[in-house]
Every structure is written in structure tokens, then in C-alpha cells.
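Here's the structure, in C-alpha cells; my notes come after.
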Amino acid sequence: MDTNTGELLAACLASLAPLSLEIEDESHRHAGHAGARDGGHFRVAIVAAVFSGKGTLARHRLVYDAAGDLMRGRIHALSIHARAPEEV
């Protein structure tokens, strides 16, 4: 993982009070992809109570909002698996 970006992303997602958080840098899988030079590709698996009662789109919006400025530079693509505690 791009440690710096991964750590920054983890710090941003801490605002969602995750019970579980996994971040994987998948940038190596996208070498040569035009957008890959502008930012990394990351996969996030997160479990948080804030997702309870919310659909997929609302959950992804929460994650993107928490990631903030990272989505406008350091991260080109973000794969999100967001679950509520009762779904684990």
C-alpha cells in the first residue's frame, strides 16, 4: 500500500467510527491505466454503525465525503465494501 495515502485515508475514515477497516492499495493492478498516474487505486472494506439503515449509494457518499480531498488527487479510484455491524 502507498503507506502515506493509505494512512491518510484511514485517518479520514476514522470520522465514521469504524468497527473494522481494511484498506488495500491495488494500484499495481492498474499499471499503464491512464488515470493511474494521477492517483492510486484503493479497496476499502469498512464496518460502521453509521451505515445502518442506509442503502449502498448513501454509504458510498459517506465514505467519499469522509475521504474528502484525497479523492481529488491522491486517489483515482476507490472500491468500497461498506457494511453495518448487523450485516457482518
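The values are calculated or read from the model by the stated rules, or taken from the named source; none is laboratory data. Because the structure is a prediction, the values reported are computed rather than measured. Please note: Cβ atoms are built from the backbone with ideal geometry, for glycine as well, and neighbour counts cover all protein chains shown.
When the residues of the stretch 9-32 are filtered to those that are more than 11 Å from the chain's Cα centre (by Cα) and within 16 Å of His76 (Cα to Cα), the one that is modelled with the highest pLDDT is Glu26. The residue list Gly53, Gly6, Gly35 contains one member that is at pLDDT 90 or above and in a helix (DSSP H, G or I), which is Gly6.
For the stretch 56-88, the set of residues classified as touching a residue at least 60 places away in the same chain (Cβ under 8 Å), assigned to a loop (DSSP other than H, G, I, E, B) and not aliphatic (A, V, I, L, M) consists of Arg74 only. Against the definition (more than 15 Å from Ala11 (Cα to Cα), in contact with a Lys or Arg (Cβ under 7 Å, 6 or more places away or on another chain) and touching a residue at least 12 places away in the same chain (Cβ under 8 Å)), how does Gly39 come out, yes or no? It is true that Gly39 is more than 15 Å from Ala11 (Cα to Cα), in contact with a Lys or Arg (Cβ under 7 Å, 6 or more places away or on another chain) and touching a residue at least 12 places away in the same chain (Cβ under 8 Å).
Within the set Ala77, Ala48, the sole residue that is small (Gly, Ala, Ser), surrounded by 14 or more Cβ atoms within 10 Å (Cβ to Cβ) and modelled with pLDDT of 95 or more turns out to be Ala48.
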